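The values are calculated or read from the model by the stated rules, or taken from the named source; none is laboratory data. What you see is a predicted model, and the numbers here were worked out from it, not measured in a lab. Counting neighbours? That spans all protein chains shown, and the Cβs are built from the backbone with ideal geometry, glycine included.
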Amino acid sequence: MYWGDVFTSPLFFCYLCLLKLYSNGRKMFHKNLKNFPKDFLWGASTSAYQVEGAYNEDGKGLSVQDTKEVIKDTPDFNVSSDHYHHYKEDVALFAEMGFKTYRFSISWVRIFPNGVGEVNPKGIKFYNDLIDELLAHNIEPLITMYHFDLPDALQQKGGWSNRETVDAFVNFAKVLFENFGDKVKYWLTINEQNMMILHGAAIGTVNPGAKNIQKELYQQNHHMMLAQAQTMKLCHKMCPKGKIGPAPNISSIYPATSKPEDVLAAQNFSAIRNWLYLDMAAYGRYNAIAWSYMVEENIEPTIEEGDMEILKGGNPDFIAFNYYCTATAQESRIEDKGAKTSGGDQQISTGELGVFKGAQNENLQKTEFGWEIDPVGFRTTLREIYERYNLPLIVTENGLGAYDKVEEDGTIIDDYRIDYLRKHIEQARLAITDGVELLGYCPWSAIDLISTHQGFKKRYGFIYVNRDEFDLKDLSRIKKKSFFWYKNVIKTNGEEI
Ligand code: BGP
């Protein structure tokens, strides 16, 4: 038999198939798992307006979250979890869980009650005290500068539609670097900028009654990008040891079927949901598909001279992202009726006529609040982002919103939350084994807090806060079952989950 015959023989073909199967198998299942890195940043997240309360204390101004119309059957953000007055107790509990980091946001209006102008010294003091408390417990602060709470005074002047807000933000960032830059290593610019553009009505950054504002929103987006790029540059100049990155909400998008048109729809959705934001943050350029979409819809922003140079100057050190679940898309034909985007929230998109149509994923279960649960999609998302940008990643949100119940003996048995987090941590470890550089994992949320639009009843924390929707009770803190579970996860560096 000649070599030529060997290569064309059925036996050789079988060998090739086996080899392929074996290597695919290894890629999906790995024989040996890599460990979480030694200095992995285990922690959890909150945001200022959702956890702090004290909405009008110590010189704080009002943000758009304080002034927005309160959603029916949900509370306002005036008291939230009253972390402002309980921060020492809360940090002690975080330390007890073994947190290596705590991701929280700074309320812009505590520092600048009007967004610009006079600095409020009591605001600086609160965050200095919080940072010192964390450092005293060996917890690395991971600070979001802006989490949905634009100063209302700026909103009155046009908010992000007004280019002056870019300067106001950069000035705010400068004051943060001046005051906390020597103590804080990890900074996040803007939380979920993509969700403020796509679902601003649900999260309260856009007036729900506003019509035809797409063009304005993409102009706002452009301004936020400019603010972000300048802030990243400033961080590198002012805080030589500082590291900074964006924090959008990123999800893999599946095509509903293998129909090529569905694949296109998934790519469309991914371009306008994910890559528009990260391509700009990482490469300083508009994603081509997203840009064409905006031009065709006549909603593209005006780019002034010099803007693209500014945008190129950002250079993040890492990419932080929030992940709750994947999304699924199918083709949407222009002639289809009823596919136009309306409502939805961070994880539920109905679609956009001629671009994509949101679809259910029959393979996934849902939370009590209708968000799909997809741990494997967490791995695909981690892989996609890392492959695309080659920057270290930090997960700044991931978690399960549920109705928790206090048992008669005072315990809270949140096995469903443990199950959700366990499966995601498992996938994070697989992604690390795949080669993804993951620096940290911060589930949402460290402690119960108010959801963006579904009230206090939608709880996420490891720590229960004893209050209801409208009855503030005693606001005492109770450790849930997940508290003890996560403590052990951190103690064993993710070995025991
Ligand atoms: C993210 C936000 C958080 C948080 C979380 C859970 O989009 O960054 O602020 O609230 O989602 O969402 P929700 O509160 O709507 O349940």
Discussion item. Filter the range 284-306 down to the residues that are surrounded by fewer than 17 Cβ atoms within 10 Å (Cβ to Cβ) and at positive phi and list them by number.
Written reply: Asn298, Gly306
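To keep it simple, each residue is scored yes or no on (1) modelled with pLDDT of 95 or more; (2) surrounded by 15 or more Cβ atoms within 10 Å (Cβ to Cβ); (3) within 16 Å of the ligand (Cβ to nearest atom); (4) assigned to a helix (DSSP H, G or I).
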{"position": "Tyr324", "(1), (2), (3), (4)": "yes, yes, yes, no"}
{"position": "Ile334", "(1), (2), (3), (4)": "no, no, no, no"}
{"position": "Lys337", "(1), (2), (3), (4)": "no, no, no, no"}
{"position": "Val376", "(1), (2), (3), (4)": "yes, yes, no, yes"}
{"position": "Thr380", "(1), (2), (3), (4)": "yes, yes, no, yes"}
{"position": "Arg388", "(1), (2), (3), (4)": "yes, yes, no, yes"}
{"position": "Leu391", "(1), (2), (3), (4)": "yes, yes, no, no"}
{"position": "Gly399", "(1), (2), (3), (4)": "yes, yes, yes, no"}
{"position": "Thr411", "(1), (2), (3), (4)": "yes, no, no, no"}
Practice prompt. Residues being of a type outside the set (D, E, K, R) and either modelled with pLDDT of 95 or more or within 15 Å of the ligand (Cβ to nearest atom) (or both): count how many of those fall in the range 339-348.
Written response: 5
Worksheet item: Quick one: which of Glu469, Glu496 is away from the ligand (no atom under 16 Å from the Cβ) and either surrounded by 20 or more Cβ atoms within 10 Å (Cβ to Cβ) or not in a strand (DSSP E or B) (or both)?
Response: Glu496
Worksheet item: Is it true that Gly461 is closer than 17 Å to Tyr102 by Cα, within 16 Å of the ligand (Cβ to nearest atom) and part of a loop (DSSP other than H, G, I, E, B)?
Response: yes
Fill in: Test: residue in the range 350-368 that is within 17 Å of Ile253 (Cα to Cα) and within 16 Å of the ligand (Cβ to nearest atom)
yes
Item to complete: Could you grab the pairs with beta carbons closer than 6 Å, sequence gap of 6+ or different chains, first residue in the range 60-76 and closer than 19 Å to Val116 by Cβ, second one among the small types (Gly, Ala, Ser) and in a loop (DSSP other than H, G, I, E, B)?
Response: Gln65/Gly204
Discussion item. Against the definition (touching a helix residue (DSSP H, G or I) at 6+ places or on another chain (Cβ under 9 Å) and either within 16 Å of the ligand (Cβ to nearest atom) or part of a loop (DSSP other than H, G, I, E, B) (or both)), how does Leu475 come out, yes or no?
Written reply: yes
Item to complete: Tell me, yes or no, whether the range 307-314 has at least one residue that is of a type in the set (Lys, Arg), at pLDDT below 95, over 17 Å from Ser251 (Cβ atoms) and surrounded by fewer than 17 Cβ atoms within 10 Å (Cβ to Cβ).
Response: no
Worksheet item: When you scan the range 175-262 for strands (runs of 3 or more DSSP E) that lie fully inside it, which ones turn up with 3 or more residues that are in contact with a Leu (Cβ under 9 Å, 6 or more places away or on another chain) and within 16 Å of the ligand (Cβ to nearest atom)?
Response: 243-247
Worksheet item: Given the conditions (1) within 16 Å of the ligand (Cβ to nearest atom); (2) farther than 30 Å from Asn287 by Cα; (3) under 19 Å from the mean Cα position of the chain (by Cα); (4) of a type in the set (A, V, I, L, M, F, W, C), and given that Phe456 satisfies all but one, which numbered condition is not satisfied?
Response: (3)
Discussion item. What pairs come out if I take residues in the range 468-482 that are under 11 Å from Phe456 (Cβ atoms) and pair them with residues that are exposed (fewer than 11 other Cβ atoms within 10 Å of the Cβ) whose C-beta lies under 9 Å away, six or more apart or interchain?
Written reply: Glu469/Asp73
Discussion item. I need the full set of residues from the range 125-155 which are among the hydrophobic types (A, V, I, L, M, F, W, C) and away from the ligand (no atom under 16 Å from the Cβ), in order please.
Written reply: Phe126, Leu130, Ile131, Leu134, Leu135, Ala136, Ile139, Ala153, Leu154
